[in-house]
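For reference, the structure discussed in these notes is given below.
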Amino acid sequence: MQEIEVSFTQFVDFTLKRGQSKITKVKQIRNKEYAAAYDFWRELKGGISHQLRTGANLDSLDEVIGEANEHKRHHYEEAVRQYKWFCRGKELEWFEPEAASWHFGRLTVRATPDLGLRINGQRYLIKLYFKEATQKLQKRTAAAALALMTAAADTTTEQQKDTIYGMLNLKKAALYPMTPAQLNDDLLLLLEGEAAHFVHLWEHLESREALQRML
């Protein structure tokens, strides 16, 4: 059977849904409706990465806001304001994050971090999360996503063992962290349960579509 490959954000969105909305999310991913949402934040994600790589002033991100389409501008302004608040008073040093992915049966989730940062000397690998407040990304609901990030990484080296994996919610300027030592059996079970649910729904929809094509 063909491999199911999804992005980190797609999978996180799925884990945050409840009830029938999980089915809707899998349908959207299958129908490639996610692309527009990804493109919405692409310029800002690139702008933040460039600002950190080059050590440019935080105000350089105002240029990204100015160049954004009108329907994006308000959202970019809010996200940049929260990002600046997060960076306030911190010593930040960029390093290049390595590619990472996590596998569960047919499912592969691309999990390469958006940012590699030393924050006040501590090494972090971070995923940016921009979604609206309705997605309810909080420390508790981020557990499966953080487990995925940590499980996808090579934590066998001493450097990686000292790395903190995090999701930066730019709606709240809140960083939700996890260390490799915190990745226990219960969190792995939670992650695998979400993955099994995703694959089950995907395969059911796949079978339904195949049957419809035969009729």
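The values are calculated or read from the model by the stated rules, or taken from the named source; none is laboratory data. Worth saying up front: this structure is predicted, and the values here are computed from it rather than measured. With ideal geometry, Cβ positions are generated from the backbone for all residues, glycine too; neighbour counts draw on all protein chains shown. Areas reflect the complete protein model, heavy atoms only, side chains present, ligands, DNA and RNA absent. Shrake-Rupley method; radii C 1.70, N 1.55, O 1.52, S 1.80 Å.
The combined condition, being closer than 22 Å to residue 16 by Cβ and either more than 14 Å from the chain's Cα centre (by Cα) or touching a residue at least 12 places away in the same chain (Cβ under 8 Å) (or both), is not fulfilled by residue 99.
Looking at the structure I just gave you, is residue 42 assigned to a loop (DSSP other than H, G, I, E, B) and either on the phi < 0 side of the Ramachandran plot or not charged (D, E, K, R) (or both)?
Judged against the criteria, residue 42 is not a match.
With 12, 6, 26 as the choices, which residue is surrounded by 17 or more Cβ atoms within 10 Å (Cβ to Cβ), touching a residue at least 40 places away in the same chain (Cβ under 8 Å) and not in a helix (DSSP H, G or I)? Every option except 6 fails the conditions.
Against the test of being modelled with pLDDT of 95 or more, of a type outside the set (Lys, Arg) and either surrounded by 15 or more Cβ atoms within 10 Å (Cβ to Cβ) or assigned to a loop (DSSP other than H, G, I, E, B) (or both), the options 98, 93, 192 yield a single qualifying residue, 192. Filtering the range 173-193 to residues that are farther than 17 Å from residue 115 by Cβ and either among the charged types (D, E, K, R) or within 13 Å of the chain's Cα centre (by Cα) (or both) leaves 185, 186, 192.
Quickly run through the range 66-90 and pick out the residues that are closer than 19 Å to residue 118 by Cβ and surrounded by fewer than 12 Cβ atoms within 10 Å (Cβ to Cβ). 88, 89, 90 - these are the residues of the range 66-90 that are closer than 19 Å to residue 118 by Cβ and surrounded by fewer than 12 Cβ atoms within 10 Å (Cβ to Cβ). Of the residues making up the range 45-65, those that are of a type in the set (A, V, I, L, M), open to solvent by less than 40 Å² (accessible area, probe 1.4 Å) and in a helix (DSSP H, G or I) are 48, 52, 61, 64, 65. All conditions in (1) farther than 20 Å from residue 195 by Cβ; (2) loosely packed, with under 15 Cβ neighbours inside 10 Å hold for residue 130, with the sole exception of (2).
Could you tell me whether the range 111-121 includes any residue that is without any contact (Cβ under 8 Å) to a residue 12 or more places away in the chain and exposed (fewer than 15 other Cβ atoms within 10 Å of the Cβ)? Before you say what the answer is, go through the steps one by one.
Taking the range 111-121 as the starting set, the residues that turn out to be without any contact (Cβ under 8 Å) to a residue 12 or more places away in the chain are none.
Looking for residues that are without any contact (Cβ under 8 Å) to a residue 12 or more places away in the chain and exposed (fewer than 15 other Cβ atoms within 10 Å of the Cβ), one finds none in the range 111-121, hence no.
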